[in-house]
Amino acid sequence: MPERINCNAALLVVILLAVSWAGVAGPPADLSVSDTHVRLRGSFRNARLRFENDKRGHVAFIGGSITEMQGYRPLVMDILKRRFPETTFTFTDAGIASTCSTTGAFRLHDDVLSQGPVDLFFVEFAVNDDQDAHHAYRECLRGMEGIVRHTRLHNPYADIVIVYFINPEMLTIWQSGEVPLPVRAHDAVAEHYAIATVNLAKEVAQKIEAGSLTWQEYGGTHPGVIGNTLCANMIDRLMSLAWDSAGRAGGERLAHPLPAPLDRHSYADGRPVAPKKVHLVRDAVVQVPDWSNIQGACRRRFVGERLLCAEKPGAEVTLDFEGTAVGAYLLAGPDAGMVDVSVDSQPPRAVNLYHDFSAQLHYPRTVMFETDLEPGQHVLRLHVSDEKDPRSTGHVLRVLRFVQNGVSHP
């Protein structure tokens, strides 16, 4: 898809459908949208004021592979360029395949906020919180609240949109009349902080049930042209509901209210910790792994990274940190091991690093070691175990970054 298309939304849909349906019999899929699954909460005018009055804007996208792919994100970028042709936009793409909202909360500072205050922020993690992380409700909430609260602490004027995509398991849940667990948790955060939501998932489920769309037309878990266009149309509708009024937007930007946290241990001050800050006690090094001689695929974005590597039982590292939670953003491949974890000299407990998707891929995941500590200084100790998951071929620990949730904000 070209970076910019100079046409209105209706023509964009026609072009995309012409490409998608060339040579295919039958009617095109239903790309119409109603207001039913577009939820405008609180104030959503700060971004428009910034774009119109300052003629500049920072728009960011964070999520998993659905955000990283050339899908809904570039379509939304084109919609914004069409709506504000005189505005110079900075677009930040912080999508990383396989990552969940926990990883998102801990990489938010480096991957998004370090680029400057965000004026309009799209967040997408429902699918990965479900099928990749297998999160419980608490983890879904802590990750999403961490992203929202940290963003608003960094820039209280930031307008945020949470977008719900869908996979086959979630489709079944929607069609049974229930709400998938990640959506329930993320929606609780949206209600609490008055965040706009675009429930593409429920829109798709209802269209499929009505017979106006099929799962194949939608494109699957990673949507095709039709699925991404439907999402972009819903976001365009959200913008129309919030922004389409006569004349220019008047008044000043207003800071969004910041209520008390839903969970005082949510990851609102999540930060990465570079491997060089870790104490290498025994049989551990910080290096770029020789991926050419290691079984399993490693995604290109990680190939040149320096990782903390401990490859045999008995290896040990420690980390001094401050805050209420500590974990590691790591690559768990076919040889991922187990570690014995202790904080502040507490009895160790075993943590399995191997993931269901590790067999062929050095899978990026965030493993939390402790999450409910009292604020203050702590010491983490990791000892590579001589035990391992029966599916694993080794005992390896490879850490991209350790993560910590710092002193909680009020």
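Worth pointing out:
Matching residues to (1) modelled with pLDDT of 95 or more; (2) part of a loop (DSSP other than H, G, I, E, B):
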residue	(1), (2)
1	no, yes
44	yes, yes
59	yes, no
74	yes, no
92	yes, no
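Here is a yes/no grid of residues against (1) farther than 15 Å from residue 295 by Cβ; (2) of a type in the set (Ser, Thr, Tyr); (3) in a strand (DSSP E or B):
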| site | (1), (2), (3) |
| --- | --- |
| 379 | yes, no, yes |
| 390 | yes, no, no |
| 394 | no, no, no |
| 399 | yes, no, yes |
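- For the range 359-374, the set of residues classified as surrounded by fewer than 15 Cβ atoms within 10 Å (Cβ to Cβ) and either in contact with a strand residue (DSSP E or B) (Cβ under 9 Å, 6 or more places away or on another chain) or among the hydroxyl-bearing types (Ser, Thr, Tyr) (or both) consists of 360, 372, listed by residue number.
- None of 61, 125, 121 is under 14 Å from the mean Cα position of the chain (by Cα) and within 17 Å of residue 183 (Cα to Cα) except 125.
- The set of residues from the range 115-140 being assigned to a loop (DSSP other than H, G, I, E, B) and either buried (at least 20 other Cβ atoms within 10 Å of the Cβ) or acidic (Asp, Glu) (or both) comprises 118, 119, 125, 132, 133, 135.
- A count restricted to the range 267-288 and to residues that are crowded, with 18+ Cβ neighbours inside 10 Å and either out of contact with any His (no Cβ under 9 Å at 6 or more places or on another chain) or closer than 22 Å to residue 198 by Cβ (or both) stands at 4.
- Meets criteria (crowded, with 24+ Cβ neighbours inside 10 Å and closer than 17 Å to residue 57 by Cβ) for residue 93: no
- Filter result (of a type in the set (D, E, K, R) and surrounded by fewer than 17 Cβ atoms within 10 Å (Cβ to Cβ)) within the range 46-66: 54, 55, 56
- Selection status of residue 279, at pLDDT 95 or above and touching a helix residue (DSSP H, G or I) at 6+ places or on another chain (Cβ under 7 Å): no
- Of the criteria (1) more than 20 Å from residue 277 (Cα to Cα); (2) surrounded by fewer than 21 Cβ atoms within 10 Å (Cβ to Cβ); (3) under 21 Å from the mean Cα position of the chain (by Cα), which one residue 389 fails: (3)
The values are calculated or read from the model by the stated rules, or taken from the named source; none is laboratory data. Please read all numbers here as calculations on a predicted model, not as lab measurements. Reconstructed Cβ throughout: ideal geometry from the backbone, glycine too, with neighbour counts over all protein chains shown.
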